[in-house]
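Here the structure comes first, spelled out in structure tokens, and everything after it is commentary.
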Amino acid sequence: MYLTRFRINTARSGARALLASPQRLHGAVDMAFPEPTARDGSGPRVLWRLDKAPANRIDLLISSPGRPDLTHLAEQAGWPSLGAQGWTTFAYGEFLDGLSAGGEWAFRLTANPLHHIRRETDPVGAPTKRAAHVTVGHQVGWLLKRQERAGFEVLPREPAAAENDPGEETETGTGELPVQWRYHLVVHDRTPVRFQRRSEDPTSRRDARTGTGTGTGTGTDVRFTRATFDGRLRITDLAAFRRTLTHGMGKSKAYGCGLMTLAPVR
């Protein structure tokens with residue numbers, strides 16, 4: 001496994017085109033590998049995420065079973081003169097092997113929190129439909145509901161710290177603190193995403209994988225809500241947690257969701 005950080009040069013028109021289209025960026029990430037990786041759950045998959053940093057910096061993070069070659073991305077959206085020095089790749093497998101149950105880490109996860117609903121107007125027996133969680137409380141609840149299966153637990157705050165939190169909500173109607181106050185957890189960059197997914201001529205591999213070109217495909221309207229979680233966790237199930245880090249969490253993994261990364265707790 002490898003973890004790669006690529007700094008995007010936002011002054012380039014090619015970079016702005018990629019940032020405006022999750023499908024194009026997904027295709028550009030795919031093109032970093034000679035052979036596409038399996039997406040049937042049989043093994044680790046390629047995951048990616050955009051991270052914002054100070055001074056309008058944007059980094060592309062990629063977790064992958066194989067080492068990527070980002071030459072094409074450097075030419076389109078980076079600094080071509082730097083060559084392979086334009087990105088940094090770490091031996092992620094060694095880090096994963098060093099994890100242990102009970103370890104505490106700071107984490108970041110960009111995900112697509114959703115649930116399944118059946119509207120009152122739907123006919124009896126109609127299948128449920130996916131719907132986005134749009135409030136902070138529901139998005140936090142989405143993460144907490146999945147943490148045990150994912151092999152970790154989000155660390156709760158001390159009661160005094162939770163009571164003094166100046167959060168955006170002050171009442172729940174039940175006398176309890178809002179759920180997002182009770183944990184070492186912040187939700188930010190809560191962004192609705194909408195784009196046209198192009199289905200290009202299958203005879204053009206490059207068009208199909210990058211979303212570029214002049215193919216005569218049809219468009220599908222794609223919508224989801226993306227949210228980034230920053231917090232602290234404790235590993236409870238090492239095997240399940242390693243799977244979460246290498247297979248991703250939640251839906252929309254092809255479009256920049258599902259990648260969790262760790263850092264030492266300060």
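Of the strands (runs of 3 or more DSSP E) contained entirely in the range 110-187, those carrying at least 3 residues that are modelled with pLDDT of 90 or more and touching a helix residue (DSSP H, G or I) at 6+ places or on another chain (Cβ under 8 Å) fall at 152-154. Does any residue of the range 64-80 turn out to be assigned by TED's automatic domain parsing to the domain that holds TYR2, closer than 22 Å to ARG226 by Cα and either in contact with a Lys or Arg (Cβ under 9 Å, 6 or more places away or on another chain) or hydroxyl-bearing (Ser, Thr, Tyr) (or both)? For the range 64-80, residues assigned by TED's automatic domain parsing to the domain that holds TYR2, closer than 22 Å to ARG226 by Cα and either in contact with a Lys or Arg (Cβ under 9 Å, 6 or more places away or on another chain) or hydroxyl-bearing (Ser, Thr, Tyr) (or both): present. The set of residues in the range 51-67 that are under 28 Å from ARG39 (Cα atoms) and under 18 Å from the mean Cα position of the chain (by Cα) comprises ASP51, LYS52, ILE58, ASP59, LEU60, LEU61, ILE62, SER63, SER64, PRO65. Of everything in the range 1-52 that's among the aromatic types (Phe, Trp, Tyr) and under 11 Å from SER64 (Cβ atoms), which residue is surrounded by the most Cβ atoms within 10 Å (Cβ to Cβ)? Checked the range 1-52; the qualifying residue surrounded by the most Cβ atoms within 10 Å (Cβ to Cβ) is TRP48.
The values are calculated or read from the model by the stated rules, or taken from the named source; none is laboratory data. From a predicted model like this one, the values you see are computed outputs, not experimental measurements. Neighbour counts run over all protein chains shown; Cβ positions are idealised from the backbone, glycine included.
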